Amino acid sequence: YDSAADSTSAQTLSLLSELRRAVEQGELRLFLQPKVAFDDGRLLGAEALLRWQHPQRGMVPPLDFIPFAEQTGFVRRLTLWVFEEAARTWRTLPVLGGTALRLSVNLSTHDLLDTELPERLVALLQRHGVPAHAFCLEITESAIMDDPQRAHATLERLRTAGFKLSIDDFGTGYSSLAYLKRLPVDELKIDKSFVIGMERDADDAKIVRSTIDLAHNLGLTVVAEGVENAAIWNLLHRLDCNEGQGYHMSRPLPVPQFIDWALRWNDRTATGWGGLELLTSDRTASAEL
């Protein structure tokens, strides 16, 4: 007998119970982090991120509960919560530059292996009157490779339904290029570990450049995570990366603050976006906005 085993089991049951309560009692929060075009600074969309406002512990970091939710399968419930909240939020977001924003939602391995997922998501869209092209679904390489055939079938059905599809954290998984070219995806998202290091590490810079070239040759758009400063922005701009996401533009924000930020960002770009020159001369952009 090992008392530590009982303790771990009790903690697991307690956390699962708290997560269920969080969904039922409105403790979950939707945050949005902007995705911006490198060519002209346009705000194109945002990634929908989950936060947990615990009544006693305050804001719980995602790493403290998302891995646990994935292990137990409860992540499917969280995914549906995020997707529905994002669909509800999409209708409240302002149209900027005559274009509606696209929201990105992460899918887990459990989500991809759920054969009913496409129908569930389409039903939520219909409930809120939102088109499928308003969403980009992000999937990690590891999630796809757990069961490639089943994942591929699910992705095909999601694409047929009208969703944009993205490979998240690209470069950290183990999928082969032969398999990558057959996936029905529209976008590659370069993992921030390579992007953050490309300023100082020549190998990281080569990986980023090669990934951008590979994606473009396959007809895919490229998003770089981890754009933390103007120097990284400028490097990615010169490499013809399509979109960026990171603290240089904005941290993840609650929806009301995101809308305020988006309106100010749009005013700024509409009245004189200077591309490289503007960002090079203004290294406090993220703090101001």
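The values are calculated or read from the model by the stated rules, or taken from the named source; none is laboratory data. From a predicted model like this one, the values you see are computed outputs, not experimental measurements. Cβ placement follows ideal geometry from the backbone for every residue including glycine, while neighbour counts extend to all protein chains displayed. Calculation scope for accessible area: heavy atoms of the full protein, side chains included, ligands and nucleic acids excluded. Shrake-Rupley method; radii C 1.70, N 1.55, O 1.52, S 1.80 Å.
The set of residues in the stretch 11-64 being open to solvent by 50 Å² or more (accessible area, probe 1.4 Å) and assigned to a helix (DSSP H, G or I) consists of Gln11, Thr12, Leu13, Ser14, Ser17, Arg20, Arg21, Glu24, Leu63, Asp64.
If you go through the stretch 81-139 and keep only what is in a loop (DSSP other than H, G, I, E, B), among the aliphatic types (A, V, I, L, M) and in contact with a Lys or Arg (Cβ under 7 Å, 6 or more places away or on another chain), you end up with Leu113, Val130.
Scanning the stretch 255-279 for residues that are open to solvent by 40 Å² or more (accessible area, probe 1.4 Å) and outside any helix (DSSP H, G or I), we see that the one that is modelled with the lowest pLDDT is Trp273.
Of the residues making up the stretch 150-168, those that are of a type in the set (Lys, Arg) and either over 16 Å from Val122 (Cβ atoms) or buried (at least 21 other Cβ atoms within 10 Å of the Cβ) (or both) number 1. Here the stretch 65-80 is the region considered, the condition is being open to solvent by less than 40 Å² (accessible area, probe 1.4 Å), part of a helix (DSSP H, G or I) and free of Cβ contacts under 8 Å to residues at least 40 places away in the same chain, and the residue that is nearest to Leu263 (Cα to Cα) is Thr79. Please work out if Pro131 is out of contact with any Ser or Thr (no Cβ under 6 Å at 6 or more places or on another chain), surrounded by fewer than 15 Cβ atoms within 10 Å (Cβ to Cβ), modelled with pLDDT under 95 and closer than 27 Å to Ala262 by Cβ. Criteria not met by Pro131.
If I ask for residues that are hydroxyl-bearing (Ser, Thr, Tyr) and either under 11 Å from Thr211 (Cα atoms) or touching a Pro at 6+ places or on another chain (Cβ under 7 Å) (or both), which ones from the stretch 179-197 would you list?
So in the stretch 179-197, the residues hydroxyl-bearing (Ser, Thr, Tyr) come out as 179, 193.
Selection gives Tyr179 alone.
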